[in-house]
Amino acid sequence: MAAEPAATARWWQAPGVLAGACAVAVALTLLVHGWRADLPAALLLAVAGVLLATEDLASHRLPNAVLAPTAVALALLLVVASLATGEWDALLRAVLAAVASGVGYLLLALLRPAGLGMGDVKLGALLGAWLGWLGWGAAVLGVLAGFVLGGVAGLVLLLAGRATRTTAIAFGPWMLLGAAVAGGVTVRLGPVLGM
């Protein structure tokens, strides 16, 4: 009798699918974000976001192998954007928002360890830095949007019978989508909305 094959990657983890998803994320980022000094940081997060979301959906893990280099690269790119624009207040706001978001997620993880993991905490700090760079309104909107989107997804799965109240649901993709929505709203509508 033949041995059972090793667990295979899910269809969305296939290299071609990942490359296509990254290309779509880059194209959408270019379309929504436009040509600004912080565009390289936005593109970095678009690609890293695809990789992190697919891994979290597959394994409920947000690996340090992606989070750590992304955090370092984001910090460097935001410093370069500050040098190019003179927006040092935006860089300080990014640091403060990263700390606030990271501490907030850490508190939630400590209060309910089964709900959030340390990967979510680190991703929260990373996304807090980016959204803080864009503004306090973006930082608040990004966190709220992540929770709302994750809650709606959980409710849909629950109503469809695909999950129970105790089913673990990957939260990273919803955090990333919430940050993308907040970033897009801030860049495109921020001046109109006073963000």
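The table below lists the values:
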quantity	calculated
Which listed residue, of ALA125, ALA139, ALA153, is aliphatic (A, V, I, L, M), open to solvent by less than 40 Å² (accessible area, probe 1.4 Å) and without any contact (Cβ under 8 Å) to a residue 24 or more places away in the chain	ALA153
Residue in segment 156-183 that is most open to solvent (accessible area, probe 1.4 Å), counting only those that are farther than 18 Å from GLY124 by Cβ and not in a helix (DSSP H, G or I)	ARG165
Where LEU107 falls short, out of the listed (1) among the hydrophobic types (A, V, I, L, M, F, W, C); (2) within 26 Å of THR167 (Cβ to Cβ); (3) in contact (Cβ under 8 Å) with a residue 24 or more places away in the chain	(3)
Any chance LEU144 is within 17 Å of the chain's Cα centre (by Cα) and open to solvent by less than 60 Å² (accessible area, probe 1.4 Å)	no
Flag for ALA25 being part of a helix (DSSP H, G or I), touching a His at 6+ places or on another chain (Cβ under 7 Å), open to solvent by less than 50 Å² (accessible area, probe 1.4 Å) and modelled with pLDDT of 90 or more	no
Residue in segment 14-21 that is in contact (Cβ under 8 Å) with a residue 40 or more places away in the chain, surrounded by 13 or more Cβ atoms within 10 Å (Cβ to Cβ) and either within 12 Å of LEU126 (Cα to Cα) or out of contact with any Phe, Trp or Tyr (no Cβ under 8 Å at 6 or more places or on another chain) (or both) present	no
Residue list for segment 44-93, restricted to those being in contact (Cβ under 8 Å) with a residue 24 or more places away in the chain, closer than 18 Å to ASP120 by Cα, assigned to a helix (DSSP H, G or I) and among the aliphatic types (A, V, I, L, M)	LEU45, ALA46, VAL47, VAL50, LEU51, LEU52, ALA53, LEU57, ALA58, LEU67, ALA71, LEU74
Failed criterion for PHE147 (all others in (1) within 20 Å of HIS33 (Cβ to Cβ); (2) out of contact with any helix residue (DSSP H, G or I) (no Cβ under 6 Å at 6 or more places or on another chain); (3) aromatic (Phe, Trp, Tyr) hold)	(1)
Counted residues, segment 55-102 - those being among the hydroxyl-bearing types (Ser, Thr, Tyr) and surrounded by fewer than 20 Cβ atoms within 10 Å (Cβ to Cβ)	3
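The values are calculated or read from the model by the stated rules, or taken from the named source; none is laboratory data. Not measured: the values here are computed from a predicted model. Counting neighbours? That spans all protein chains shown, and the Cβs are built from the backbone with ideal geometry, glycine included. Calculation scope for accessible area: heavy atoms of the full protein, side chains included, ligands and nucleic acids excluded. Shrake-Rupley method; radii C 1.70, N 1.55, O 1.52, S 1.80 Å.
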